[in-house]
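For reference, the structure is listed below as structure tokens.
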Amino acid sequence: MPEDSLTVTDNRTGKSYELPIDHGAVRAMDLRQIKTDENDFGLMLYDPAFMNTASCRSAITFIDGDRGILEYRGYPIEELAAHCTFLEVAYLVLFGALPNPSELDHWVYEISHRTMLHETTKKFMEGFRYDAHPMSMLISTVAALSTIYPNARQIGDPEVRLRHIKRLIGKMPSIAAMSYRHSVGFPYVYPDNDLSYTENFMNMLWKMVEPKYAANPVLAHALDVLFILHADHEQNCGTHTMRSVGSAHADPYLAVASAASALSGPLHGGANEEVIRMLEEIGVVENVPAHIEKVKNGKGKLMGFGHRVYKNYDPRAALIKKIADEVFKVTGYNRKLEVALELERIALSEEYFIKRKLYPNVDFYSGLIYQAIGFKPEMFTVLFAIPRTVGWLAQWQELVVDAEQKIARPRQIYTGARGLRVAPITERVAGAGIR
Ligand code: CMC
């Protein structure tokens, strides 16, 4: 019997099966041979929310949730945050190695020369209501880019793929900035290719009548580091959506719009917006114990706490907490930080949170920095989507060239009725449906 195998006995039949183990996993399809008789479909795995199912092999991001480790292509996130710019990290995540100086120059040129939006896209965005949520505008506009680049459907052509990957990375900040300017009624600002990726984003957000926008270097650096920390996070809900939609061979604009839709939810990237609302609701440090009690009694969640994978401090939250000090030196003190620190202090010493291994996640402190830099809460998830586009595209690229991947299609366990006859409409019982 090979050492790397699992022996399973089906107690219904008394038969034993030997399943190979590869990289700590057995193949779910190997269970299909386990049947009670010839007519049996075969055994399936039931795993709602994919709590213990690997859906792909990936060489992009490594997470050790118990130890609080996050690495992109083998580089710890702390190394990358200390030594690289966001576009260098984007190159690493997409191509698997850090760029040398000429590769980086070329990459920066290629991205910065794709930041401009077609004028019809600008007109499209002008059609949104004055109070449209910036995240909904971003998602819809990214999807609309699919109408401008119909050849993006040629996903089997590596050159076409790369062109659209660059376009998406270049255009996300432009769409994000226009979403913001639209929501406050300011005229749109065109990109400035002399500026870095993050500085140009700040230029498109906040330039008013000055001839050239000059970003505060501390704030631009903080935003760049935040972008690095959000670039990828393996198979989370948004990335899973990217891969699932991509597996049907939809074009990358539509797939990114789908992934961004998943990200917008308050349990995912939308949590940073909710954290600020929660801190505002709590108001002062004295109210923290009462809020913790409410959470412990099942009346709401502590937003920005808990994670499916991290059962330790989220390493991104630790880095963000450090950047907060740099940012607050420039922007001035934010009273909400006191409330956040007290929430963390009490939560980390309470049995409820210790038992469930609930620690601050990436969203707990990021909103405070975003707000200090000058973003309104509705923009927070948009700020998450810009860098995550890199991760989505890297994962999509990996999927497209993976010979093992097919269209995503989970199974179900059917629990409904079967074989019913349609009764005449006058004979149907009122209220018989599921509510
Ligand atoms: N506050 C209070 N209790 C919590 C929290 C929280 N934030 N998160 C989980 N729990 C409890 C949960 O009620 C459950 O308790 P019990 O065992 O008594 O039923 C236990 O902890 C396990 O939680 P779970 O819901 O089974 O965990 P999950 O892996 O399904 O959910 C999560 C992960 C991130 C959705 C969840 O922790 C959560 O809703 N957190 C708040 C929202 C948030 O901050 N989201 C951002 C996640 S990080 C960035 C991203 O992914 O985009």
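Is the C-alpha gyration tensor of segment 257-368 telling us rounded, prolate or oblate? Criteria: a/c under 1.5 is rounded; beyond that, a/b larger than b/c is prolate, otherwise oblate. Mind dumping the intermediate values first?
On the way: a/c = 1.37, a/b = 1.01, b/c = 1.35.
Judged from the Cα gyration tensor, segment 257-368 comes out rounded (a/c under 1.5).
Considering only 198, 415, 331, the mean-square fluctuation computed in a Gaussian network model of the chain, springs between alpha carbons under 10 angstrom, is largest for 415. When the Cα gyration tensor is reduced to axis lengths a ≥ b ≥ c, the ratio a/c is 1.5 or higher for segment 348-435, and with a/b above b/c it is classed as prolate. Taking the inverse of the mean 1/r over every pair of distinct Cα atoms in segment 103-251 gives a Kirkwood hydrodynamic radius of 16.6 Å.
Over the Cα atoms of the chain, Rg to Rh with Kirkwood Rh, two decimal places? Can you show the working numbers first?
Values: Rg = 24.4 Å, Rh = 24.0 Å.
Ratio of gyration radius to Kirkwood radius for the chain: 1.01.
Which residue fluctuates the most in the chain, going by a Gaussian network model with Cα springs under 10 Å, if the choices are 150, 48, 187? Looking only at 150, 48, 187, the largest GNM fluctuation is found for 48. The residues of segment 319-435 expose, per residue, 58 Å² of accessible area to a 1.4 Å probe.
For each pair in 299/336; 296/357; 299/321; 207/376, compute the distance between the two Cα atoms and list the pairs where it is over 25 Å.
Details: 299/336 22 Å; 296/357 14 Å; 299/321 27 Å; 207/376 16 Å.
Among 299/336; 296/357; 299/321; 207/376, the Cα-Cα distance tops 25 Å for 299/321.
Listed by chain and number, the lysines whose alpha-carbon sits under 16 Å from that of residue 35, ignoring those within fewer than 8 places in the same chain, are 15.
Taking all protein chains together and a 1.4 Å probe, the residues 47, 4 rank 4, 47 from largest to smallest accessible area.
Note down the relative contact order for segment 189-236 as a percent, whole number, built from C-alpha pairs under 8 angstrom at least six residues apart. All intermediate terms of the calculation are to be shown ahead of the outcome.
Values: 25 pairs, mean separation 14.6, N = 48.
Averaging sequence separation for qualifying contacts and normalising by length gives 30 percent for segment 189-236.
For segment 1-68, with all protein chains in place and a probe radius of 1.4 Å, 52% of the accessible heavy-atom surface sits on carbon or sulfur.
Report the residue, chosen from 158, 377, 101, that carries the largest GNM mean-square fluctuation when the chain is represented by alpha-carbon nodes joined by springs under 10 Å. Ranking 158, 377, 101 by mean-square fluctuation puts 101 first. Using the alpha carbons alone, the radius of gyration of segment 106-178 stands to its Kirkwood radius in an Rg to Rh ratio of 1.00. Which percent of the accessible area of segment 158-249 is formed by carbon and sulfur heavy atoms (probe 1.4 angstrom)? The C+S portion of the solvent-accessible surface of segment 158-249 is 59 percent. Surface composition of segment 102-147: carbon and sulfur make up 59 percent of the accessible area, probe 1.4 Å. Under 21 Å from the Cα of residue 212, which lysines turn up, not counting those fewer than eight places away in the same chain? List returned: 171.
Computed FRET efficiency, Cβ-Cβ of residue 333 and residue 210, R0 30 Å: what is it to the nearest 0.05? With a Förster radius of 30 Å, E is 0.65.
The values are calculated or read from the model by the stated rules, or taken from the named source; none is laboratory data. Keep in mind it's a predicted model, so treat the numbers as computed, not measured. All Cβ positions, glycine included, derive from the backbone under ideal geometry; neighbour counts span all protein chains shown. Just the protein is used for accessible areas: all its heavy atoms, side chains included, with ligands, DNA and RNA removed. Shrake-Rupley method; radii C 1.70, N 1.55, O 1.52, S 1.80 Å.
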